[in-house]
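Here the structure is laid out as structure tokens; the discussion comes afterwards.
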Amino acid sequence: MKKTLALILVLLLAAIPALAASNEIAFLPPAMTSPFYASCIEGAQPVAEAAGYTLTVMAPEVESDYAGQMQLIEDMITKGVAGIAVCGINIDALVAGIKKANAAGIPVVMFNSITELSGCEVYAYSGYNQYNGGGKIADWVNEKTGGKANVAIIEGLPSDYTTQRMGGFVDKCKEAYPGVVVVASQAGDWEREKGMNAATNMLQAHPEINVFYGLSDEMALGAAQACKQAGRADILCVGLDGNPNAKEAVKAGELTATLDVGPVAIGKNAIEALVKAIHGETLENKIIEAETTVVDSANVDQFLK
């Protein structure tokens, strides 16, 4: 009898972490180097709390640490969380981890991406159309430059994000704006300092540049710093993310424009979908798309809190 009671106690104690974790939702950005993810968390947190879950946020130190993010996914699976919301720079590298979550019966939602993965089951995708976003920036550049622009692009890490944001811009210019020409392109790895260095290098090689398009706000802010140091106030610097610090920089005249992609809505939509997944509900549409708007001096006040 004593042995039976002891065994029951051991089993109950072993189950406590899993029971506690079942009230957790894991929110796994690729890193926290960009304020974009803080805005996603801002949207996600209250939704999780209102549904009775604790939002556990964890991320690698750098966005290129794909193995580190995979380990975090595995840790959350072992912990027995109720659901996982994940954003990866290398989305294909997430497939193995998502398959493990599928096998464990833990629902997965991807945020900041609407590119559907094959080989695994993702309940929903919360993001924005990055290709169309690049096209909107092309529209804006064409309008602001009167159809004559020498553009330098600051790329992120090799990824679907870089491909879509750059491709949307380049293709739109080729289709509709022959006077808007990309004269240089260099990687900035999503970081401000690297973006500044890339912009400095391209400006030295191509002094005819009059527009910098950073595929993230942080890289665009780096480009703006480079232009300031070079005494080139004539150059337009546009980014993409719509981060709060970028909007403040637009208001202050330090950055020309940013594409607001609704990061708060992306986080909110991701957790709303994940809660539905946990409760066994069915979605009519797996793609949940946020609106995008170019924010410049003409409309920035509408986007500042």
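For the chain, what's the relative contact order in percent, using C-alpha pairs closer than 8 Å and at least 6 residues apart?
With pairs under 8 Å counted, the relative contact order is 19 percent.
If DNA, RNA and ligands are ignored and the probe is 1.4 Å, what is the ranking of HIS279, HIS206 by accessible area, most exposed first?
HIS279, HIS206
Using helices alone, I'd like the mean residue ellipticity at 222 nm for the chain: each DSSP H run of four-plus residues gives -39500 (n - 2.57), total over residue count, nearest 500.
Dividing the helical sum by the residues of the chain leaves -15000 deg cm²/dmol.
Once semi-axes √(5λ) of the Cα gyration tensor in Å is worked out from the coordinates, which option in (i) 29, 22, 20; (ii) 42, 18, 17; (iii) 34, 20, 18 does it equal?
Only one listed value fits the structure, namely (ii).
What figure in square angstrom, to the nearest 10, would you give for the accessible area of ARG192 with a 1.4 Å probe?
80 Å²
Given a 1.4 angstrom probe, what's the average accessible area per residue across segment 68-111, in square angstrom?
Ligands and nucleic acids excluded, the figure is 32 Å² per residue.
With all protein chains present, how much of the accessible area of the chain (probe radius 1.4 Å) comes from carbon and sulfur, to the nearest whole percent?
Here carbon and sulfur together make up 54 percent of the probe-accessible area.
Please list the non-local residues whose amide H lies under 5 Å from the amide H of ALA290, H modeled 1.01 Å from N, same-chain partners needing a gap of 5 or more.
The list, which skips near neighbours in sequence, is GLY127, TYR128, ASN129.
Calculate the spin-label point distance for GLU49 paired with SER22, positioning each point 7 Å from the Cα along the beta-carbon direction, and give it in nanometres.
It is 2.5 nm.
Over segment 188-248, give the accessible area per residue in Å² for a 1.4 Å probe, as an integer.
Ligands and nucleic acids excluded, the result is 38 Å² per residue.
LYS100 accessible area, nearest 10 Å², 1.4 Å probe?
100 Å²
How high is the FRET efficiency between THR115 and THR78 when r is their beta carbon distance and R₀ equals 30 Å, given to the nearest 0.05?
So the FRET efficiency works out to roughly 0.65.
Amide H to amide H under 5 Å from GLU155: which residues, 5+ apart in sequence or cross-chain, H placed 1.01 Å off N in plane?
Under 5 Å from the amide H of GLU155: GLN186, ALA187, GLY188.
Can you spot the lysines whose alpha carbon is less than 20 Å from LYS99's alpha carbon? Ignore those fewer than 8 places along the same chain.
By straight Cα distance, LYS99 reaches LYS79, LYS276, LYS286.
Cβ neighbours within 10 Å, averaged per peptide: list 32-38, 109-115, 142-148 in order, most packed at the top.
Listed from highest to lowest mean packing, they are 109-115, 32-38, 142-148.
Amide H to amide H under 5 Å from PHE27: which residues, 5+ apart in sequence or cross-chain, H placed 1.01 Å off N in plane?
THR56, VAL57, MET58, ALA85
The values are calculated or read from the model by the stated rules, or taken from the named source; none is laboratory data. It should be emphasised that the depicted structure is a prediction, and the values quoted were computed from it without experimental measurement. Neighbour counts run over all protein chains shown; Cβ positions are idealised from the backbone, glycine included. The protein model used for the area step is the full one, side chains on, heavy atoms only, and it has no ligands, DNA or RNA in it. Shrake-Rupley method; radii C 1.70, N 1.55, O 1.52, S 1.80 Å.
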